[in-house]
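The structure under discussion appears below in the form of structure tokens.
The values are calculated or read from the model by the stated rules, or taken from the named source; none is laboratory data. Computed from a prediction, not measured in an experiment: that's the story for all the values here. Methodologically, a virtual Cβ is constructed for each residue, glycine included, from the backbone with ideal geometry; neighbour enumeration extends over all protein chains shown. Side chains are part of the model used for accessible areas, which takes the heavy atoms of the whole protein and leaves out ligands, DNA and RNA. Shrake-Rupley method; radii C 1.70, N 1.55, O 1.52, S 1.80 Å.
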Amino acid sequence: MNLEQILAISQNLHRHICPRQVLGARMGLLAGELLELTLPREDKRLVVLVETDGCFADGVSAATGCWLGRRTMRLMDYGKVAATFIDTKTQQAIRIAPHINARANAKALQTALNKWQAYLEGYKILPDNDLLTFQAVQLNFSLEQLLSHAGARVTCEQCCEEILNQREVIQNGKIYCQSCVANSYWTGNKPV
Ligand SMILES: [Zn+2]
Ligand SMILES: [Zn+2]
């Protein structure tokens, strides 16, 4: 798929087109080249950790075929337009972020346009080197554990809700969900 085809998919999902979707799409395309993987993936070989949600993530998904719903995309919510692409077969991981001068470079290319338009159109045509930076990285956690495996399913002994993907906590030999014993992100009344 070329950039225009990717952006058509992203725009369709997103109901508008914007510079960050283009950045996400360009990052995905570069990752495919660097990792020598054909994109978009139909399998689960490529996993992407995006460092923010929003428009950018849809561009990444459209380019790579990696989606939250396929469990091939995860959000590491650092509020940054950056992503790490991992080839789960070779364990090679590459983090891609915007070039520090990406905005200025886009503006310089598209002097006749307003800022937003200049970013949108500039990001489409800037060479990779003027738009993005990349680095090989090692993960500080077990990707295998994060991904877990299909079919892992237990029941919490306190709330009786089902827990997938080995996210349970074992205390005194009993199985609990994280909400019941560890770090719940909510408080509320008993369910009716
Ligand atoms: Zn947008
Ligand atoms: Zn529970």
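Residues that are closer than 22 Å to residue 2 by Cβ and either aliphatic (A, V, I, L, M) or not assigned by TED's automatic domain parsing to the domain that holds residue 26 (or both) within the stretch 114-141 comprise 118, 120, 125, 126, 131, 132, listed in sequence order.
Inspect all residues belonging to the stretch 93-108 and state whether any of them is within 16 Å of ligand 1 (Cβ to nearest atom), touching a residue at least 24 places away in the same chain (Cβ under 8 Å), assigned by TED's automatic domain parsing to the domain that holds residue 32 and within 24 Å of residue 66 (Cβ to Cβ). So far as the stretch 93-108 goes, yes, one or more of its residues are within 16 Å of ligand 1 (Cβ to nearest atom), touching a residue at least 24 places away in the same chain (Cβ under 8 Å), assigned by TED's automatic domain parsing to the domain that holds residue 32 and within 24 Å of residue 66 (Cβ to Cβ). Of the residues in the stretch 70-88, none is buried (at least 22 other Cβ atoms within 10 Å of the Cβ), over 19 Å from residue 133 (Cα atoms), among the charged types (D, E, K, R) and assigned by TED's automatic domain parsing to the domain that holds residue 136.
When residue 166 is tested against the conditions (1) surrounded by 14 or more Cβ atoms within 10 Å (Cβ to Cβ); (2) in contact with a helix residue (DSSP H, G or I) (Cβ under 9 Å, 6 or more places away or on another chain), the lone failure is (1). Return the residue satisfying two criteria in turn: it lies in the stretch 48-67 and is of a type in the set (Asp, Glu) and not in a helix (DSSP H, G or I), and of such residues it is surrounded by the fewest Cβ atoms within 10 Å (Cβ to Cβ). Within the stretch 48-67, the match that is surrounded by the fewest Cβ atoms within 10 Å (Cβ to Cβ) is 53.
So, in the stretch 107-124, how many residues would count as being of a type outside the set (A, V, I, L, M, F, W, C), open to solvent by less than 100 Å² (accessible area, probe 1.4 Å) and assigned to a loop (DSSP other than H, G, I, E, B)? Selection size over the stretch 107-124: 2.
Of all residues in the stretch 19-44, those being touching a residue at least 24 places away in the same chain (Cβ under 8 Å), open to solvent by 60 Å² or more (accessible area, probe 1.4 Å) and assigned to a loop (DSSP other than H, G, I, E, B) number 1. Every test in (1) over 18 Å from residue 129 (Cβ atoms); (2) at pLDDT 95 or above is passed by residue 28 save one, and that test is (1). Residues in the stretch 169-192 that are among the small types (Gly, Ala, Ser) and either surrounded by 12 or more Cβ atoms within 10 Å (Cβ to Cβ) or within 16 Å of ligand 1 (Cβ to nearest atom) (or both): 179 alone.
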